[in-house]
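Participant: One structure, pasted below without further comment.
Read-outs: derived from the displayed coordinates by stated rules, not from any lab. Everything numeric here is computed off the predicted structure, so don't read it as measured data. A quick note on method: Cβ atoms are made from the backbone with ideal geometry, for glycine too, and the neighbour counts reach across all protein chains shown.
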């Protein structure tokens, strides 16, 4: 097949995935699911991938849409946040303990029930960034495919479980912006667009340059937060752009299962469900411990410790009307700790 034909075929599979994502988002919105524009595309494309439909992740769009989410998260940062830092100390101090307990519970599932080898089970169980854990696990000699599927399944299971829990148990019936807080495209001036655009581009570049964890999210979030605190801009990115970004992210997560057999995906999802449930139980325990002395809502502390992706859990916090900055910061620290400590712990453990 000529290269041009390959590109056309690749684009068609990506367009199909995005179309399924849009349909899934509309369906999820129609039934009132929390975070419908990400949850719908995730579920729709996971089903499509397991049904062997020719779907492919629009991976080139990810570097474009992720900074948009970072800018959105930064728009919620206020000067009052700095006065709350003291109340976050207990959460940060207990974070390493939580990670140890949650990772041990997840490792037991993958090693004992799943029969994974030690290296693969260890890096599949670590609640860090999917790309970082995949690289570290591959370097250590683990099964890359199993590690990738484990983390993709973990993120999928955690988001679905948390969203449905908040929606069905706590009564949050919509994660979509209402008419009152919908930001129209013309609500921003050209200066607003320019400032937020600089925050997205420069934040990503600076974040990568200085080695920030989750740089495409964290870098734009920092610059956007600074711009909003200073008062250079007072509005969030247009809601339509946020919806497009969520559909893209949900589509990418769902299509990660493309090329895998139904049996393989089903097994990984079952293991991920058990491992994720174990980690979520640990998260609930730690959330209760943290919430009471600090006066933080248990639901907010739970989101801060839920082992999903930074972008996805931050969006959930936004959709569920929780403190986005608090949740985002905790997930940034979580990812940083796991990336920094996991190789050291693994090396020492194997040596002993």
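Participant: Report, in whole Å, the centroid distance computed from the Cα atoms of segment 179-248 and segment 280-352.
Facilitator: About 23 Å separates the Cα centre of segment 179-248 from the one of segment 280-352.
Participant: How many nm separate the modelled label positions at residue 229 and residue 277, each set 7 Å beyond the Cα in the direction of the Cβ?
Facilitator: Using points 7 Å along Cα→Cβ, the separation is 4.3 nm.
Participant: Based only on Cα atoms, what mean projected area does the convex hull of the chain have, in nm²?
Facilitator: 18.7 nm²
Participant: If you don't mind, there's one more thing I want to ask. Before anything else, pin down the relative contact order of the chain: Cα pairs under 8 Å, at least 6 apart, normalised by residue count, whole percent.
Facilitator: 31 percent
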